[in-house]
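Notes follow the structure.
The values are calculated or read from the model by the stated rules, or taken from the named source; none is laboratory data. None of these values were measured; they are calculated from a predicted model. Methodologically, a virtual Cβ is constructed for each residue, glycine included, from the backbone with ideal geometry; neighbour enumeration extends over all protein chains shown. SASA here: full protein model, heavy atoms, side chains in, ligands and nucleic acids out. Shrake-Rupley method; radii C 1.70, N 1.55, O 1.52, S 1.80 Å.
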Amino acid sequence: MNDLFGLLGRKLGHSLSKYIHNEVFNLLGKDAFYHLFEIEPDSIDKVLIGLTAIGAVGVNITIPYKCDVVKYMDIISKEATDIGAVNTIKFENGKMIGFNTDYFGFKMLLEKYKIGYYGKNITILGNGGAADSVLQFFIDNNCKKINIVTRNLHEAKLKYKSKDVIICKYSELDEIKNTDIIVNCTPCGMYPNINDSPVPLEVFKNYQTAIDLIYNPTETLFLKYAKEQGLKSVNGLFMLVAQAIAAEEIWNNIKIEEEIINKIYESVLYNQQVG
Ligand code: NAP
């Protein structure tokens, strides 16, 4: 049997993961199969047990199960423990090992676009799963001041009570000055709601760089505003590819060359633009 990989989530109709991983298998000359598993909420544990039993090599986990699967892991990596979410599982000797490659994908995005982060002041919009990976990365890399902007102040204050962060509401955004990077970790502006932005144009005057984790459309209204205000602006497509590559490296115990990552990124970008 070909090596079995896949993605576990609730609704996967628009997922690019199968395309990305099949590109990796082609470029690496691997006989492997990547399947999209749409799972009902009460059966994730049974699916994981089944995949272990049939000898699957690894899976990715997406919305809404990244936090739920943590409790089923036999071993969990440091970044996934700190974030409290797993998006990549490796099955090894009947055990499940959990990782969070969104964390590594975000790091690779910053490095590709030469966005410096040491000692910087950061604003993160949103407080969901993606925001948690981005936040943990900035905490681990000595960023100076981190603001989290949320619609639900009370919930966010509880959630981040052990982290050294400032939590504020969207209405307080204008009071945040001298900040370097703003990251959109909300789905606001994602297809089909392409006329939405989580923040208005005038917010961007306080920043040097804007990153939107959204990759469809490739230029969101958030990034259009950022460009208009002269900011360096980057979307989330490279992060999406990079987190998939990081998962492949973990599953296959290999290092994938930058040239292959760039080839896959170009192919996904082309596919996205013509698709
Ligand atoms: P999530 O766990 O559902 O969290 C979404 C967050 O956005 C929550 O804090 C939510 O706030 C907030 N939010 C939702 N709609 C909003 C709106 N209209 N205005 C302001 N805030 C809003 O989702 P996620 O997994 O973190 O994903 C967030 C985005 O990142 C998605 O677009 C996803 O596609 C993208 N993403 C990209 C990558 C990549 O590799 N590029 C990886 C992961 C995620 P409330 O709690 O107040 O509802």
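At a glance:
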item	result
Prolate/oblate/rounded call for region 103-237, Cα gyration tensor, a/c under 1.5 rounded	rounded
Probe 1.4 Å - accessible area at residue 132, Å² to nearest ten	20 Å²
Candidate residues 270, 72, 65: accessible-area rank, largest first, probe 1.4 Å	270, 72, 65
Mean projection area, nm², convex hull over Cα of region 142-182	3.2 nm²
DSSP beta bridge pairing in the chain, given as percent antiparallel to the nearest 5	20 percent
Percent carbon-and-sulfur accessible area, the chain, ignoring ligands, DNA and RNA, probe 1.4 Å	51 percent
Gyration tensor (alpha-carbon) shape descriptor, region 1-133, a/c threshold 1.5	prolate
Approximate spin-label separation residue 45-residue 111, in nm, with each point projected 7 Å along Cα-to-Cβ	3.8 nm
Region 164-213: Cα Rg divided by the 2.2 N^0.38 Å rule of thumb	1.19
For the chain, radius of gyration divided by Kirkwood radius, i.e. Rg to Rh on alpha-carbons	0.96
For peptides 232-245, 204-217, 146-159, 28-41, sequence by mean Cβ density within 10 Å, most packed first	232-245, 204-217, 146-159, 28-41
Where only alpha carbons of region 158-275 are counted, the Rg and the Dmax (Å)	16.7, 47
Accessible area (Å², per residue) of region 188-275, counting only protein heavy atoms and a probe of 1.4 Å	48 Å²
Computed over region 156-246: relative contact order in percent, which uses C-alpha pairs under 8 Å that are six or more apart	25 percent
Distance between region 19-53 and region 199-275 - C-alpha centres, whole angstrom	24 Å
Degrees separating the helix 258-274 axis from the principal Cα axis of the chain, which is the longest one	80 degrees
